[in-house]
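The values are calculated or read from the model by the stated rules, or taken from the named source; none is laboratory data. Since this is a predicted model, take the numbers as computed values, not measurements. All Cβ positions, even for glycine, are placed from backbone atoms using ideal geometry, and neighbour counts span all protein chains on display.
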Amino acid sequence: MPLTILVVDDDLGTRLSISDYLELSGYSVITANDGQEALTKVEEFHPDLIVTDIVMPQMNGYELVRQVRQKPLFRLLPVILLTARTRTQERILGYQSGCDLYLPKPFELEELGAAIRNLLVRSQLIQSAYNVSYPDNASISTPTTTVELLSELTPREQEVLELLTHGLSNAEMGQKLHLSPRTVEKYVSSLLRKTTTNNRAELVRFAIKHGLVE
């Protein structure tokens with residue numbers, strides 16, 4: 001299952017160029033126009049890493065990182081800040097807010113890709129070590145009961161899951177839910193992650209077994 005990266009930038013061109021590059025690199029990508037929308041998508045999709053601009057409407061990148069870090073589930077979530085601001089004090093603010101890397105614009109996509117790979121490897125090692133050291137807390141990221149899992153599914157994810165059990169394709173589900181096939185795929189990826197299943201067949205079996213669908 002591909003790792004999921006949330007790309008946050010109010011500039012459409014930047015957002016698309018990063019998203020296209022990461023998708024070609026094998027990642028699942030979700031996007032947001034500003035920090036407020038990004039915070040909602042962090043809760044909904046549980047991305048493995050965030051790439052975010054700093055200067056944005058609604059909520060800037062500094063505040064986004066601070067709010068993400070306040071949530072126990074996302075304290076170890078890697079965050080890369082992208083910005084044209086290169087003054088030392090601004091970089092210090094970025095690290096004080098809790099970012100893992102501050103990458104000044106303009107940047108090469110290959111450099112961003114290398115940084116992402118490095119942070120994801122480190123994050124997975126840290127998470128593994130944390131789960132070994134604190135096994136009682138491992139359930140924070142893995143629901144242990146049907147009730148807990150159902151509470152984590154959004155209404156839209158529940159709809160996608162229901163249609164998945166009827167064998168519909170992304171395009172068919174998109175038509176019924178008025179979504180693009182690409183957006184449907186993002187919901188499927190989120191469902192796979194939340195249920196810790198590896199493919200759609202396993203997901204459907206899991207859903208039926210645990211009574212997640214009627």
Query - Matching helices (runs of 4 or more DSSP H) fully within region 104-197 where at least 3 residues are at pLDDT below 85 and in the same structural domain as Asp48 (by TED's automatic domain parsing) - result: 109-133
Report summary line: Of the residues in region 37-67, those that are in contact with a Ser or Thr (Cβ under 7 Å, 6 or more places away or on another chain), assigned to a loop (DSSP other than H, G, I, E, B) and surrounded by 22 or more Cβ atoms within 10 Å (Cβ to Cβ) come to Pro47, Ile54
Report summary line: Apart from one, (1) at pLDDT below 90; (2) part of a helix (DSSP H, G or I); (3) under 28 Å from Val51 (Cβ atoms) all hold for Phe206; the odd one out is (3)
Query raised in the report: Is it true that Arg75 is surrounded by fewer than 16 Cβ atoms within 10 Å (Cβ to Cβ), modelled with pLDDT of 75 or more and assigned by TED's automatic domain parsing to the domain that holds Tyr21?
Result: yes
Query - Subset of region 161-214 [surrounded by 17 or more Cβ atoms within 10 Å (Cβ to Cβ), small (Gly, Ala, Ser) and under 20 Å from Val29 (Cβ atoms)] - result: Gly174, Ser189, Ser190
Query raised in the report: Is there any pair linking a residue in region 176-205 that is without any contact (Cβ under 8 Å) to a residue 24 or more places away in the chain to one that is small (Gly, Ala, Ser), with Cβ under 6 Å and at least six apart or on different chains, and which?
Result: Ser180/Gly174; Pro181/Ala171; Pro181/Gly174
Report task. Within region 1-36, track down each residue that is touching a residue at least 40 places away in the same chain (Cβ under 8 Å), surrounded by 19 or more Cβ atoms within 10 Å (Cβ to Cβ) and part of a helix (DSSP H, G or I). Result -> Ile18, Leu22
